[in-house]
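J.: Before anything else, here's the structure in question.
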Amino acid sequence: MAPLSTNTRPSWLPTSQETPLFPHRKALVESGLMTLSCPHDSINLIQILIQKAQEIILKEPTLLRIEPPIIAVGDIHGQFEDLLWIFQQTGFPPSTSYLFLGDYVDRGLYSVECLSLLLSLKVKHPENVYLLRGNHECTLINQKYGFLNECKKRFNITLWRKFSAFFDCLPLAAVIGDKIFCCHGGLSPELKFVKQIDNIKRPYSIQNLSGIVNDLLWSDPSRFHSGWRPNKFRSVSYTFGSDVIEKFLSENGFQLIVRAHQLINSGYQIFANGKLISIFSAPNYCNNHMNEGALLQIDHNLKCSIIRLKVSERFALNS
Ligand SMILES: [Mn+2]
């Protein structure tokens, strides 16, 4: 897909050739939360942003209901330049609406930049940007895989705690156009009807890695078995077969499951005869996997098409 013309991108964003550092101040100006002359330092600004975004997402239900058209985005993992690249290709909100499926932090170097941008856009365009919780939006995980260290080194531990409290408020799943169920990981053996997700109160602090919330954030589909099995790859949650997918869809009146959570070389993978799609949106993951990324574009009529994020085009852009 050809990049959109540059006039669709906010002027405060760095160009793809510039190092993406500290966009918070400009992002907050864009979101209308401050003026350029605001004297606060970066940490204070980000904290204001977290508070505003938190107020907005807590007013949303735990299970979001979203109308198409929208683009679903998979794992980002602190790859800020790639996040900008995504917006450059498919348009900045509000010209395009997005549902992010979680895993904003860890692994990459710029988790704070990714969150600052996404939270700014959420505050500025709450009806065009939706954020779900991923398994890395959890202190038990992101204290080990990079985010805590990034906050400590570049900011302070208080900021990590504020983000952690924000993560506890994130919605857990979404339904697009009454037919497409979206979450970060997958289904749960304890989840029969999506009404159960509505009943989960937030803030929801994850204390142990079990139960419906944990499975929504961690489970994986498997083409190797039917029913449920312990998830041996992750040592957490379950894997589920295509029979589980079919039953869940038919009992809830849905057509499709869209989820993220798995590194896939082509950026997307289709399971269960097209009843489940996995997308992964961090191309060249960790700067060494050479995988492609993908987005899922869902049009007015719920017709889905893959937008590929090709590493070769990404490198051409930077050269
Ligand atoms: Mn994940």
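Quick note: the coordinates plus some simple rules give every number you see, no bench work behind them. Here the structure is a predicted model, which means the values were calculated and not measured. Because the Cβ atoms are built from the backbone with ideal geometry, glycine has one as well, and the counts that use them run over all protein chains shown.
J.: Quick one: net charge of Ile306's neighbours, Cβ under 14 Å, K/R +1, D/E -1?
T.: +1
J.: Below 24 Å, Cα to Cα, which lysines can Lys52 reach? Residues fewer than 8 away in the same chain don't count.
T.: Candidates past the 8-residue exclusion: Lys26, Lys122, Lys124, Lys152, Lys162, Lys201.
J.: Using only DSSP helix segments of four residues or longer, with each worth -39500 (n - 2.57), what per-residue ellipticity at 222 nm results for the chain after dividing by its residue count and rounding to 500? Intermediate results must be reported in sequence, preceding the final value.
T.: On the way: 11 runs with 103 residues, N = 319.
Calculated at 222 nm, the ellipticity per residue is -9500 deg cm²/dmol.
J.: GluC sites (Glu not before Pro), restricted to region 129-197: which are DSSP loop and have at most 15 other Cβ atoms within 10 Å?
T.: When the GluC sites (Glu not before Pro) of region 129-197 are filtered for loop state and at most 15 Cβ neighbours within 10 Å, Glu190 remain.
J.: Within the chain, which is the longest segment containing none of the chymotrypsin sites (Phe, Trp or Tyr not before Pro) that sit in a DSSP loop and have at most 16 other Cβ atoms within 10 Å?
T.: It runs 13-144.
J.: For Lys195, give me every one of the lysines with a C-alpha distance below 23 angstrom, ignoring sequence neighbours fewer than eight places off in its own chain.
T.: Answer for Lys195, where 23 Å is the Cα cut-off: Lys59, Lys179, Lys247, Lys275, listed by chain and number.
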